[in-house]
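The values are calculated or read from the model by the stated rules, or taken from the named source; none is laboratory data. The shown structure was predicted, so the numbers you read here are calculated from the model rather than taken from an experiment. Positions of Cβ are backbone-derived with ideal geometry, glycine not excepted, and every protein chain shown enters the neighbour counts. Surface areas here come from the heavy atoms of the whole protein model, side chains and all, with no ligands, DNA or RNA. Shrake-Rupley method; radii C 1.70, N 1.55, O 1.52, S 1.80 Å.
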Amino acid sequence: MEEKITFGKFIQQKRKEQGMTQKELADLLFITESAVSKWERGISYPDITLIAPLAKVLDLTEHELITSSDDYQHKKVKSQAKQYQRIRKLYLILFIGAYGLTIGISLLVNLKSGQKFSAFLIIVTSILVAFSLTVVPVIAKKKKALMTLGSFYLSLNLLFFACYAYRGGDWLGITLVAVLFAFTLIFLPFLVPKQKALIYFLVNTALLFLLEIVVLVKGNNTARDYYEVLLLTLFFMTYPWMIMILLRYFKVGGFIKAGLSAIITGVYVLLANSITAMIIERKPFHFLPVNFKAWDNAVYANGNVILVIFLSFLGIGLLFLVAGTILELRKQKERG
């Protein structure tokens, strides 16, 4: 009986806080006024089917209604959510209003001064870039990062086109490819869900070659320049490709992968200068001269350093390979 009275007083208190009479509450729930009166006098409980609508009408959670007590933690969270929505709304009004006002003033100045319309477009596209970084993350409901990144990339390219329309020049193609390469280099791993490494390397390798070709075309370079640049890029890109394939697709232990990676790195250090000289200077392939007794001689210094680095990587790689092989043999023995 005491629980019914406590429940009834709680209902009466919350009804009055909402500024409703018993009849108004009854009408909202499609029940009689006498039923509400019985609840508040502790004579009866509401039917189980009325719990959810009664809680909604009284602005309570079902837990608060059933326990006849205020859930202050829930109310705090709810209050913070409302405060956040107010701040968010004010933030959007200020930024969108500022951007709109800037565009309006810029248009009037452009019309009054008689400048080229492309000058006004630079201002508009610049504001779009700022809009993509300050407003899109707030208004996007799903995939905020993707929406922000996409709108930023699009608006940035529109800004480049506006600048090109205003100033002209032969820089636009290089800029567009360079920006695309930079975006894929940084953000592509977060956008591709499966086979990230393979897609990432394929796309960025293709874009790197495309960027180099665009730069070479704009610079009116010779066929030899194309040969040198593209062949050197192919040689040096082979290294990260080999490491990626080794780490991603070879089904061996971590120690063995580390050992093979160290040996591959050492080999590339050993070959880099010789292959670069062979491509650029058209010299026959040869290793740099080595003489560990003549470190102060410039002829031998580079060769000495490179050989020491190679031997260091080779030694580290062999140690890891031995350790990895021992671990694999132990695992096989334990399984057997």
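Every residue, every condition in (1) surrounded by fewer than 14 Cβ atoms within 10 Å (Cβ to Cβ); (2) within 27 Å of T205 (Cβ to Cβ); (3) in contact with a Phe, Trp or Tyr (Cβ under 6 Å, 6 or more places away or on another chain), yes or no:
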{"position": "A140", "(1), (2), (3)": "no, no, no"}
{"position": "A145", "(1), (2), (3)": "yes, yes, no"}
{"position": "G150", "(1), (2), (3)": "no, yes, no"}
{"position": "L156", "(1), (2), (3)": "no, yes, no"}
{"position": "C163", "(1), (2), (3)": "no, no, no"}
{"position": "I174", "(1), (2), (3)": "no, yes, no"}
{"position": "V179", "(1), (2), (3)": "no, yes, no"}
{"position": "T184", "(1), (2), (3)": "no, yes, no"}
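Of the residues examined, I103 is one that is β-branched (V, I, T) and open to solvent by less than 70 Å² (accessible area, probe 1.4 Å).
Between V322, V290, V267, V305, the distinction of being closer than 25 Å to E228 by Cα, modelled with pLDDT of 90 or more and among the β-branched types (V, I, T) belongs to V267 only. Counting residues in region 213-222 that are more than 19 Å from F320 (Cα to Cα), small (G, A, S) and modelled with pLDDT under 95 gives one or more. Here V252 fulfils each of the conditions (1) open to solvent by 40 Å² or more (accessible area, probe 1.4 Å); (2) farther than 30 Å from G324 by Cβ apart from (2).
Here A298 fulfils each of the conditions (1) at pLDDT 95 or above; (2) surrounded by fewer than 17 Cβ atoms within 10 Å (Cβ to Cβ); (3) not hydroxyl-bearing (S, T, Y) apart from (1). Cβ-Cβ distances below 7 Å connect the following pairs, each with a first residue in region 209-226 that is under 15 Å from D170 (Cβ atoms), a second residue that is outside any helix (DSSP H, G or I) and not aliphatic (A, V, I, L, M), and a separation of six or more residues or different chains: K218/D170. Within region 7-35, residues that are of a type in the set (F, W, Y) have Cβ atoms under 6 Å from residues that are open to solvent by less than 60 Å² (accessible area, probe 1.4 Å) in these pairs: F7/S68; F10/S68, counting only partners at least 6 apart in sequence or on another chain. Taken together, the residues in region 155-206 that are of a type outside the set (V, I, T), without any contact (Cβ under 8 Å) to a residue 24 or more places away in the chain and not in a loop (DSSP other than H, G, I, E, B) amount to 15.
State whether one or more residues within region 36-44 are buried (at least 16 other Cβ atoms within 10 Å of the Cβ), at pLDDT 80 or above and acidic (D, E). Taking every residue of region 36-44 in turn, at least one turns out to be buried (at least 16 other Cβ atoms within 10 Å of the Cβ), at pLDDT 80 or above and acidic (D, E).
L50 passes every criterion in (1) open to solvent by 40 Å² or more (accessible area, probe 1.4 Å); (2) more than 16 Å from E3 (Cα to Cα) apart from (1).
Could you go through region 119-140 and let me know if any residue there is under 22 Å from L94 (Cα atoms) and part of a loop (DSSP other than H, G, I, E, B). The answer is yes, given that some residue of region 119-140 is under 22 Å from L94 (Cα atoms) and part of a loop (DSSP other than H, G, I, E, B).
Just one residue in the set Y227, Y200, Y166 is under 30 Å from I264 (Cβ atoms) and more than 21 Å from the chain's Cα centre (by Cα); that residue is Y227. Condition check for A272 on (1) open to solvent by 40 Å² or more (accessible area, probe 1.4 Å); (2) aliphatic (A, V, I, L, M); (3) within 35 Å of the chain's Cα centre (by Cα): one failure, at (1).
One line per residue, one yes/no per condition, for (1) among the hydroxyl-bearing types (S, T, Y); (2) open to solvent by less than 70 Å² (accessible area, probe 1.4 Å):
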position	(1), (2)
F187	no, no
Y226	yes, yes
W241	no, yes
I264	no, yes
